[in-house]
Every structure is written in C-alpha cells, then in structure tokens.
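Below is one structure; the comments refer to it alone.
The values are calculated or read from the model by the stated rules, or taken from the named source; none is laboratory data. Source: prediction; values computed, not measured. Cβ atoms come from the backbone with ideal geometry, glycine included; neighbour counts cover every protein chain shown.
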Amino acid sequence: MKGTRIRRAEHTYKPVTGCHKISEGCDHCYAETLTTRFGDSSPSFPHGFEPTFKPKKLTDPAKWARSTGPARIFVNSLSDLHIEDFTDEQRDAIYDSMLDTPVHDYLVLTKRPQWMARYFNGPSGFLARRGLDAAPANLWLGCSIELDKYTFRTKHLTSIPATVHFLSCEPLLGPLPSLNLDGIQWVIAGGESGPGYRPMDHDWARDLRDRCAAAEVAYYFKQSAAPRTEMGMELDGQLIEEYPLEHPADRIAHGNPPVIGRWVGRHSTSVPVSVARAGQGRLL
Ligand code: SF4
C-alpha cells in the first residue's frame, strides 16, 4: 500500500481511472495529467484518461485491513465513480468492497451528486438493494463545489442518508455566498496549484471558515493557490538543494513515501522535502 499526499486521507483506492470534464474545476484535472503523461507506454494507465474499471483493485481494501489495519481512504483520486461510463454493477462491486471492510473510513467524492443520489436512493437504489436505511457510518459521501453556481450540488448530496456529507471546495475559484451548510458535516477548501493555477482570494476561504464555525461544521483549509510546488533535499535537517516541480504529477513521483528516483545517490542520507514558498501554505 502506498501513502498519499492528499492530506485529508491516508491512502487512495483506485478501482476506476479516467473521467470526463464537467465544470471549471476540471480545467487542470490532476487525473488527466497523470494518466496521460506517458501516453500508451504507461503500464498503469494503458487507456490513458478513458474511463476504465479495474476489478483487480477490488481486493485492495481487504488486503490493507490485514496488513496495516484501519485507515482513512480516499476513493477514486483518478476518476469520478458516478460518470455514466461505469455501470451500476461495477459501482456495486466497488461499494460492496467498502461495506465489507468497515475497519476503514472511505471518502467518496463526486462532481455529479445528482447521479450519486440516483444510484443510492429510491426503491431500487443501492441502499434498498442492500437492505440499508442509510450509508454506513464509515462511508463519507462528498461533492466538489468550486463556484457559486454549483452550490446546488449540496441538495443532491444531502438527499442521500449518510452520517457524513462533506464538501470539497477546491480549487476554490470564487466566493460561495449561496452555499447552504444544512446537512453538511465537513468542508475542505483550497486553492489551485501548479502550472496555470488560478488565484484564490483568501477572503473566500475565510468566509467559508467563519460560516462553518457558526454552523458547527468542521473546516479544513488545505492550501493557498500557488504557482507551483517546490521540492528539495534535506540532509541532517538542513535544506541542501531545491527543485522546482515542472509538472503536477511529479508530486506522485517524488512524494510521500519518498520515491526519490533520480535524486537517489546524491547524498546517501538526504531525504526529499516540500519547500514552502511565499503565498503557499495552509495558514489563513
Ligand atoms: S470530475 Fe474530477 S476526475 Fe473527472 S475530469 Fe473533473 S477533476 Fe478530473
């Protein structure tokens, strides 16, 4: 099991890859960048950004439960499980793998909560078919909202009976004055980073923070918008070299746990670290 740099989760579960863009938040899609980076030569993503179901991955949660114990798992970092390309049978297999491993907490995020609601709710929906009144407490259901015109998505998300509904307001591209926090337990906000990043006004994030505090909704500010992330090498606690990341996917190649690739051998005991830059960071 590999660690993940997604700070709100400990691991990622990727039984599907590939997607279609649906709104402004998709413009610099990290999944597209990563899955198309090496073209057809990539053994991990032979179909690039084409939606692909990977049934061999379905056993990952059970393996992790045995090997490393309970974890918080982010589901589908390289796709959206509720695109039309995937069948309900495939979704059933994926959600069943989560129901079968209640030791983990799962975060399932979509930009299509209306389709998530259609899948879960109703007399022939997943909950009814599994004899459940609500999604199990370890299944956290979320949707992305990057602009005020998409705040309607919360209505669909909260129509699904669940213990935790969360919002991912990133990349935050504008203020969200119409956002209704009824039925929401957690809000994540953050700016965009990497090449072509779009700026975020910190007042948008502060407004969300204050409204969450007033509504007793948990709030997590993930990062400011920033032109790029930089990495460096640290030796005995001292920063000895710095490297700009040319590509967002470098975060995977040189992320955490350290897979240091071309840096290996420069200094046998040095380690890769993130290097904060003015304008980056998580302090509001
Ligand atoms: S919904 Fe997510 S995975 Fe799909 S294109 Fe948009 S950003 Fe990428």
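If a residue has to be among the charged types (D, E, K, R) and crowded, with 16+ Cβ neighbours inside 10 Å to count, how many in the stretch 199-218 make the cut?
The total comes to 3.
Is there any pair with a first residue in the stretch 107-123 that is free of Cβ contacts under 8 Å to residues at least 60 places away in the same chain and a second that is in a loop (DSSP other than H, G, I, E, B) and within 16 Å of the ligand (Cβ to nearest atom) whose Cβ atoms are under 6 Å apart and which are 6 or more apart or on different chains, and what are they?
From residues that are free of Cβ contacts under 8 Å to residues at least 60 places away in the same chain, the pairs are Thr110/Asp80; Thr110/His82; Trp115/His82; Met116/His82.
When only residues in the stretch 144-180 that are away from the ligand (no atom under 16 Å from the Cβ) and buried (at least 19 other Cβ atoms within 10 Å of the Cβ) count, which is nearest to Asn121 (Cα to Cα)?
Among residues in the stretch 144-180 that are away from the ligand (no atom under 16 Å from the Cβ) and buried (at least 19 other Cβ atoms within 10 Å of the Cβ), the one nearest to Asn121 (Cα to Cα) is Ile160.
Taking the condition of being surrounded by fewer than 21 Cβ atoms within 10 Å (Cβ to Cβ) and away from the ligand (no atom under 16 Å from the Cβ), how many residues in the stretch 105-116 meet it?
Here the count works out to 1.
Considering only the stretch 120-128, I want to know if a residue exists there that is polar (S, T, N, Q), within 30 Å of Ser67 (Cα to Cα) and over 17 Å from the mean Cα position of the chain (by Cα).
No, because not a single residue in the stretch 120-128 is polar (S, T, N, Q), within 30 Å of Ser67 (Cα to Cα) and over 17 Å from the mean Cα position of the chain (by Cα).
On the basis of being part of a strand (DSSP E or B), aromatic (Phe, Trp, Tyr) and modelled with pLDDT of 95 or more, does Phe166 make the cut?
Yes, satisfied.
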